[in-house]
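Throughout, read-outs are computed from the coordinates displayed, never taken from laboratory work. What you see is a predicted model, and the numbers here were worked out from it, not measured in a lab. Note that we place each Cβ from the backbone using ideal geometry, even for glycine, and neighbour counts take in every protein chain shown.
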Amino acid sequence: MSNIPLITIDGPSGVGKGTVSLRLAKHLGWHTLDSGAMYRVLALAAKHHNISDENALTHLAHTLKIHFAPLPDLSGTQVLLDGQDVSQVLRSESTGIAASKIAVLPAVRQALLARQRAFLQAPGLIADGRDMGTVVFPTASNKFFLTATCEERANRRYKQLKEKGIDAKLPNIITEIAERDKRDSTRTIAPLIAATDANIIETSNISIEKVVACILERMVPSTTGSL
Ligand code: C5P
């Protein structure tokens, strides 16, 4: 049993979980776990080593050297894979799609489970992903599930890419997000679903600041994340 404070934030891709987690972490002074980044790093490493077989992927999931370091201004996380900074390539839609393809493999998920749970350290953790409240930290007392329409999430992604000067087409983004939602929600193991005891926040029409405020407001004082 652990009494380290814990907040889980789950939801579909592009809903803003990462930004909300970083803002909460800054406010509370807690650690973050971007579990999607783990699946993304694994997908990248598998590509580098030309691995697609489930056993080899599982071995990689156990042994891969991944290092997450918050940026000094806490605006994001730097991710090192075998000592190399992969933070940029990690965020591409193609890496997200590759990640969701390996995330359907039960042995890979099992291999990452202990690595994810090891992030629960004092003074507290904000863990975001698809199954943080259902599988990884099922006894967390503060579970949140963020939703937004596919169109709204695609619009947000489109704006982000444009701001970065990256050429993108909105209809393509809508299709990619819808396909990833479908794969994540229909897989047999740890599908994207709100825990029965999660607070659901529909974010289509509210700002990031409002989502953060809403989570802080709804947080129960005893933030015990026991396992
Ligand atoms: O959240 P993010 O878009 O970075 O996640 C990339 C992919 O990793 C997701 O589409 C999903 O398939 C997988 N994932 C998962 N479980 C998590 C986090 C991410 O299956 N807890």
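A few notes on this one:
- For the chain, modelled as a GNM whose springs connect Cα atoms under 10 angstrom apart, the maximal fluctuation among VAL135, VAL41, VAL108 occurs at VAL135.
- The stretch 150-227 - charge dipole about Cα centre, Lys and Arg +1 at Cβ, Asp and Glu -1, debye rounded to 20: 260 debye
- Just checking the listed ones, SER87, SER21, SER35: in the Gaussian network model of the chain with Cα springs under 10 Å, the one fluctuating most is SER87.
- Sorting the segments 182-193, 161-172 by their residues' average number of neighbouring beta-carbon atoms within 10 angstrom, most packed first, yields 182-193, 161-172.
- Extended-chain gain in nm, criterion 0.36 nm per residue less alpha-carbon gap, ASP82 and ASN50: 9.9 nm
- Built amide H within the under 5 Å cut-off of THR147, gap 5+: ILE201, GLU202, THR203
- Charged side chains reduced to their Cβ positions (Lys and Arg at +1, Asp and Glu at -1) give the chain a dipole of some 80 debye around its Cα centre.
- Taking a Cβ cut-off of under 13 Å around LEU216, the surrounding Lys, Arg, Asp and Glu residues balance to a net charge of +2, with basic ones at +1 and acidic ones at -1.
- Label-point separation in nm, SER204 to ALA107, each point 7 Å along Cα→Cβ: 4.2 nm
- Shape category assigned to the stretch 1-107 from the gyration tensor of Cα positions, a/c cut at 1.5: prolate
- Residues considered: LYS101, LYS159, LYS17. Largest GNM mean-square fluctuation over the chain, using C-alpha springs under 10 Å, is found at LYS159.
- Of LYS47/LYS210; LYS26/LYS159; LYS47/LYS169, those spanning more than 27 Å from alpha-carbon to alpha-carbon: LYS47/LYS210
- The chain shape via C-alpha gyration tensor axes, a/c threshold 1.5: rounded
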